[in-house]
Each structure stands twice: as C-alpha cells, then as structure tokens.
Amino acid sequence: MILSPSLLSSDFGRLADELAALEAAGLSWVHWDVMDGTFVPNITYGQPVIAHLRKQSRLFFDVHLMVERPERYLHEFVDAGADMLVVHAEATPHVQRALAEIRRLGVKSGVALNPHTPLSVLDYVLDDADMVLVMTVNPGFGGQSFLPASYRKISELRAMINARGLSTLIQVDGGVDPSNTAQLVQSGADVLVSGSAFFKFPPYAERLKAFEAAANSVL
C-alpha cells in the first residue's frame, strides 16, 4: 500500500514545510489536487506552485488534474515536475490521446473516474494507463464521506486488470482513513489518497503507521 497524502488538506501557507515534514515522516508520494473552478467548483494551485516546490522536494508528485480539457496543460505540468499526471475520463473526449501524450512526455499516466462513471469507459484505454484513480466521493471538496458502493467498483476493476495481465495500479481518493483502509486494500487498492484524515492527525510518522498497520492486517 502506498499512501499519497492530499495537499488539499495541508497548510497552504506552509507548503514547503509540509512537503519536508512528509518526507521526514517516511512518505514517498504526495497528491496534488489541481482544480480549475469549471470541472469542479473550487480553484486550487497550478503549474507555478508545483514548479517552485518541485525544487524543494524529492517526493513522487502524483498530480490529479480536475480540469476541463486537461490535454491543453500536460506539457506544462510535466515541465513543472509532475511524476504522474492523472486526467479525468469525463473531462476530455480524447482520453487515449491524453494518456499516450503523458507517456510520450516521460511520466506515468493515469485516468480518473467519478463515482457515477462505469468501468466500461476503460475498455479501450486501460492498456495506456499506469494507474486508474477511483473517486470514492464526488470531486471538488475535501472532508467528504466515503461512498460504500465504491468497494464493488474497486473489486471489479481489480478483476479487469488481472484478467488482462496488467500491472496497472488502483488509486482510491475520497473519505479514506485507517478505518476503511483494510477493506480498500482487500478490494484491490494499491495507492490510497488521504487528506483531512491524514493532515489533521499529526505527527505524520505516527499517522502513516496507523494506515500501514490497517493495510498490513489483511496481508
């Protein structure tokens, strides 16, 4: 299990310090929720912020583009320092083209699905994705409650990936905390995104241990 804390719930006035604290606590990934105010209601940060903080962190930058027509910005986010770019299947009519371009630019590719979006949209693009992000809340706001129907969706996605012999990661984002970590891992999740349930419970090293203990309980 990889834990990717979402900076959406961090202290925006101390982002450099937050990244340093995550690294010191033993985290390897960090999740950037990029929102444009159109695909989702809120606006967060963009390429300049990521580029500035890339110089100060060795963490894996997992960048989730909650923006309309994300293909317009792929090159800029790679230049800013993203290690992985995740685009929403609902945000572009050219998902395969976007995923192929992300890989061509030399970083990992990912596709995200909103809670209502069926897995069938992945039929012809799954081979182009290094990761599938299953949204377990409706995107755009932190602190929402996990949608229980997501467990079945994750399990069905894991079966789809296994049936094709792929090594595609499954990421889960929304309402993730130590209480549901075991069931998420058991359902097939590889990467867990946690915002308020992580950042509101310092010290970060101890909170990471709580997630890891829950994940390891099903191994």
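Values as computed for the structure displayed
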read-out	value
Of the criteria (1) under 17 Å from the mean Cα position of the chain (by Cα); (2) among the aliphatic types (A, V, I, L, M); (3) within 14 Å of residue 80 (Cβ to Cβ), which one residue 40 fails	(3)
Residue in region 18-27 that is in a loop (DSSP other than H, G, I, E, B), touching a strand residue (DSSP E or B) at 6+ places or on another chain (Cβ under 6 Å) and open to solvent by less than 50 Å² (accessible area, probe 1.4 Å) present	no
Yes/no for residue 184 being open to solvent by 40 Å² or more (accessible area, probe 1.4 Å), within 26 Å of residue 19 (Cα to Cα), among the hydrophobic types (A, V, I, L, M, F, W, C) and in contact (Cβ under 8 Å) with a residue 12 or more places away in the chain	no
Odd one out for residue 35 among (1) over 22 Å from residue 161 (Cβ atoms); (2) in a strand (DSSP E or B); (3) out of contact with any Gly (no Cβ under 7 Å at 6 or more places or on another chain); (4) touching a residue at least 60 places away in the same chain (Cβ under 8 Å)	(3)
Verdict on residue 76 being touching a Lys or Arg at 6+ places or on another chain (Cβ under 8 Å) and of a type outside the set (Gly, Ala, Ser)	no
Residue in region 35-57 that is touching a His at 6+ places or on another chain (Cβ under 7 Å), open to solvent by less than 50 Å² (accessible area, probe 1.4 Å) and among the aliphatic types (A, V, I, L, M) present	no
Qualifying positions in region 78-91 - open to solvent by less than 10 Å² (accessible area, probe 1.4 Å) and under 17 Å from residue 40 (Cβ atoms)	85, 86, 87, 88, 91
Complete set of residues in region 187-196 that are outside any loop (DSSP other than H, G, I, E, B) and either free of Cβ contacts under 8 Å to residues at least 60 places away in the same chain or in contact with a Leu (Cβ under 7 Å, 6 or more places away or on another chain) (or both)	187, 191, 192, 194
Top-ranked residue of region 96-131 - restricted to ones that are in a helix (DSSP H, G or I) and in contact with a strand residue (DSSP E or B) (Cβ under 6 Å, 6 or more places away or on another chain), ranked as nearest to residue 156 (Cα to Cα)	99
Considering residues of region 45-71 that are under 15 Å from the mean Cα position of the chain (by Cα) and either modelled with pLDDT under 95 or not in a strand (DSSP E or B) (or both) only, the residue farthest from residue 115 (Cα to Cα)	59
Residue count for region 158-179, restricted to those that are β-branched (Val, Ile, Thr) and in a helix (DSSP H, G or I)	1
Flag for residue 153 being of a type in the set (D, E, K, R) and without any contact (Cβ under 8 Å) to a residue 24 or more places away in the chain	no
Residue selected from region 138-160 under the condition buried (at least 20 other Cβ atoms within 10 Å of the Cβ) and aliphatic (A, V, I, L, M), by the criterion nearest to the chain's Cα centre (by Cα)	154
Selection count where residues are open to solvent by less than 10 Å² (accessible area, probe 1.4 Å) and either at pLDDT below 95 or within 15 Å of the chain's Cα centre (by Cα) (or both), scope region 100-119	5
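The values are calculated or read from the model by the stated rules, or taken from the named source; none is laboratory data. Nothing here was measured: the structure is a model prediction, and the numbers come from that model. Counting neighbours? That spans all protein chains shown, and the Cβs are built from the backbone with ideal geometry, glycine included. These area figures cover heavy atoms from the full protein model, side chains too; ligands, DNA and RNA do not enter into them. Shrake-Rupley method; radii C 1.70, N 1.55, O 1.52, S 1.80 Å.
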